[in-house]
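Q: First the structure, which I've put down as structure tokens, then a few questions once you've had a look.
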Amino acid sequence: MEAARCEGSQRVLAVTAADTVAEDISRHYYLDEVVIKAPSKTVIVPQKLEGAELERLNSLSVADAIRFFSGVQIKDYGGVGGVKTVNIRSMGTNQMGVYYNGIQLGNAQNGQIDLGKFSLENIDEIALYNGQKSDILQSAREFGSSGSIYLNSRRPKFEEGKDFHFRAGMKAGSFALVNPSVLMEYRLSKKISLSMNAEVLSSNGKYKFRYRRLTPSGDLAYDTTAVRQNGDINAVRVEGGLQHYYSNTGLWKFQVYYYNSERGVPGAIVNNVWRRGERLWDRNSFAQLSWQDEFLERWQLRVNAKYAYDYTHYVNNDDKLIHVDNIYVQREAYLSLANKVEIFKWWDVSLAYDLQWNGLEEYMNVSRNSHWLAAATAMNLFGHVKIQASVLGTFINEESRGREDVPKKYKVTPGVFLSYQPFKKIDLTINAFYKQAYRYPTFNDLYYTDVGNAYLKPELAVQHDVGVAYGIERKHGVFHRFEIKADYYYNRVKDKIIAYPKGQQFRWTMLNLGKVKINGVDASAQFSLRFPHEWMLTAKLQYTYQTAVDVTDPADTYYGDQIPYIPWHSGSAVAMLSWRNYGLNYSFIYVGERYNQQENIIYNYTQPWYTHDISLSGEWKVRQVKLKAMVEVNNLLGQDYDVILNYPMPKRNYRVSFTVEF
């Protein structure tokens, strides 16, 4: 099936009595969510990209930026409009939770979130957590993911004496890329602000690629240079938000999101054929509301609600294949209630309940009611030891037209997280966790014609992790900041769900693979140097070593082999050199050798790939107007590579951007 159908130290905030109302709004946000509460209870430190660092990366979408996290595998099907999904530590895309402003992006149809649909224009921070977020005041559903990505959109910001902020930008580049955007923010009152962000993305998706394949005997079968076809995209994204910080502890946020796109589905290059007749129309929209407050100085309450509507129209006009013209409509309603009580200064407990309804209209009508009930506790003992534990109950009740024997499913999954800081004056932390995560099959897995398997078993992932982190920071001198972090993990996945060819016509069906064992090491380092005359150098390094082997049946020819598309070695490097308002940025990504099928034989071998990207940026101020410009060169060496076999990626390409802000 075409992929397009399917996914520490505590900061201190200084505030004076003369602060503006705008700073007052920001102050409430930080006091409530970051500065006071979260850092003091952090057990597993997340990987983060935020602020100026996020702006400088050569990234167009969220998927592009996430590539710089360790332990992450991105499946990219090529070009600006290609589907982009994320996988953490080889546990599968469907084991990931993606949260937008604290509420999960859902897709019961296929469980995969296309991160290419989310631009960086309105994103202030991206955070990646292995296991789960440390703050136990979270929705019950958040306790159920093997790993989580949190996308936090920009907060309204106003200069002193102003109630309005405006930003307009334009990006243009290779493959006829045109990407205008606009941001408007209004301060309606002292504590209420309104924001609106919109952008248009257009590209013809035509880029040159080289297609070279050998026969099993090693003879040259194809060696062609061609232009990628049917990879065009036209998309519009509009977001609006209203937020009210009505007290030092209370706030509510309302947000609406709309995405509309038409794109070609370029498909795989097979047997030297690179033209496809597939088209895809998407309309995705949701409205969500979040409210939080604190009562009696010990009890915090958070309520989340969401309604989402997704429309997909898929057409295949290839005259060599059966004509397909299908429409899929999915609806989702979600409600979450989370409580946290501080029993003592060192001991918190929480209780959360989530209810979600999903409905899919296609060949058959399918509906699913999901319930999650979670209890958690967090303790900070002796100032050195932090402990968090949680238990989650998942209950699934599904109804399918034409099938009356759909069983009810339930599972209880625990998690335990530990953190130990042996020295008060040294930022050295040792952490570990154990967690189980339960994944119920999606509508695609169960019900799609010629593909679905209504008798699939749910997946169960068991995670083990132990790590160490060290950091040092100096206020004076050249050496400013150094951080290093390393984790060893051992994961097991039982009844892993895969797509498998079966039958004489090789029609794909869904099967439970059996067992997968995953061992790996994630390591990262970062340092910052400050030089005279306002020069500063920041560098980040990420590295992952990983084995993910199939241990289902010793009789299989691929028993003990690395599972498809998981490299043994991968990593990234980022260097940012800044002087006053100018910046020179360099990034490097490496993905090592891997195999594209279950058997690790030479015919299935996929070569390593790497890319070098550079950019130059500048910022100027003319009276009250800020001007920003950036020039980017991506894949500087023009390497030919595939992230997914037969889906060639662009060679050297260029992008320029210009922003006006006041």
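The values are calculated or read from the model by the stated rules, or taken from the named source; none is laboratory data. Note that the coordinates shown come from a computational prediction; the quantities given were computed from them, not determined experimentally. Methodologically, a virtual Cβ is constructed for each residue, glycine included, from the backbone with ideal geometry; neighbour enumeration extends over all protein chains shown. These area figures cover heavy atoms from the full protein model, side chains too; ligands, DNA and RNA do not enter into them. Shrake-Rupley method; radii C 1.70, N 1.55, O 1.52, S 1.80 Å.
Q: Given labels modelled 7 Å from the Cα in the Cβ direction, how far is it in nm from His384 to Ala539?
A: With each label point 7 Å from Cα toward Cβ, the separation is 3.5 nm.
Q: For Lys435, list the lysines whose Cα falls under 16 Å from its own Cα; do not include residues on the same chain fewer than 8 positions away.
A: Lys133, Lys411, Lys494, Lys517
Q: Here's another thing I want to ask about it. So between Lys424 and Val236, what do we pick up on full extension, going 0.36 nm a residue minus the alpha carbon distance?
A: Values: separation 188, 0.36 × 188 = 67.68 nm, distance 5.08 nm.
Contour length minus the Cα-Cα distance gives 62.6 nm.
Q: Now a separate question. Using alpha-carbon pairs under 8 Å, 6+ residues apart, how would you state the relative contact order of region 573-662 in percent? Spell out each step's value before the answer.
A: Details: 178 pairs, mean separation 20.4, N = 90.
Averaging sequence separation for qualifying contacts and normalising by length gives 23 percent for region 573-662.
Q: Under a crude label model (7 Å from the Cα following the beta-carbon direction), how far is Glu50 from Trp568 in nanometres?
A: 3.8
Q: With every protein chain present, what is the per residue accessible area of the chain (1.4 Å probe, Å²)?
A: 45
Q: Taking the Cα centre as origin and putting +1 on Lys and Arg beta-carbons and -1 on Asp and Glu beta-carbons, what dipole magnitude results for the chain, to the nearest 20 debye? List each step's numbers first, then the result.
A: Values: 77 positive and 70 negative charges, 196 e Å.
For the chain, the charge dipole is close to 940 debye.
Q: Here are labelled values, (i) 43, 29, 25; (ii) 37, 31, 27; (iii) 63, 31, 19, and one is the computed semi-axes √(5λ) of the Cα gyration tensor in Å for what I pasted. Which one?
A: (ii)
Q: What does the C-alpha gyration tensor say about the overall shape of region 112-230? Classify as rounded when a/c is under 1.5, otherwise prolate if a/b is larger than b/c, or oblate.
A: Values: a/c = 4.63, a/b = 1.59, b/c = 2.91.
In terms of gyration-tensor shape, oblate.
Q: While we're on this one: What is the count of Lys pairs in region 240-386 whose alpha carbons sit under 20 Å apart, if the two are 8 or more places apart or on different chains? Present the calculation step by step, with values, prior to reporting the outcome.
A: Details: Lys253/Lys306; Lys253/Lys340; Lys340/Lys386; Lys345/Lys386.
Step by step, the pairs that qualify in region 240-386 add up to 4.
Q: Once the Cβ-Cβ distance between Val178 and Leu321 is put in as r, and R0 is 30 Å, what FRET efficiency do you end up with, to the nearest 0.05?
A: On the way: r = 32 Å, r/R0 = 1.07.
Here the calculated transfer efficiency is 0.40.
Q: State the extension gain, in nm to one decimal, for the chain segment bounded by Gln526 and Asn271, taking 0.36 nm per residue of separation less the distance between their alpha-carbons.
A: Working: separation 255, 0.36 × 255 = 91.80 nm, distance 4.48 nm.
Stretched out fully, the Gln526 to Asn271 stretch lengthens by 87.3 nm.
Q: What does the charge count around Arg652 come to, taking other residues whose C-beta lies under 15 Å from its C-beta (Lys +1, Arg +1, Asp -1, Glu -1)?
A: Working: positive: Lys206, Lys208, Arg210, Arg228, Lys651, Arg655; negative: Asp613, Glu632, Asp640.
Residues close to Arg652 contribute a combined charge of +3.
Q: Separate question: Within straight cross-link reach of Lys621, meaning Cα distance under 18 Å, which lysines are found once same-chain residues fewer than 8 apart are removed?
A: Lys157, Lys162
Q: Given a Förster distance of 56 Å, report the FRET efficiency between Val478 and Phe658 from their Cβ-Cβ distance, rounded to the nearest 0.05. Walk me through the numbers on the way to the answer.
A: Working: r = 34 Å, r/R0 = 0.61.
In this case the efficiency is close to 0.95.
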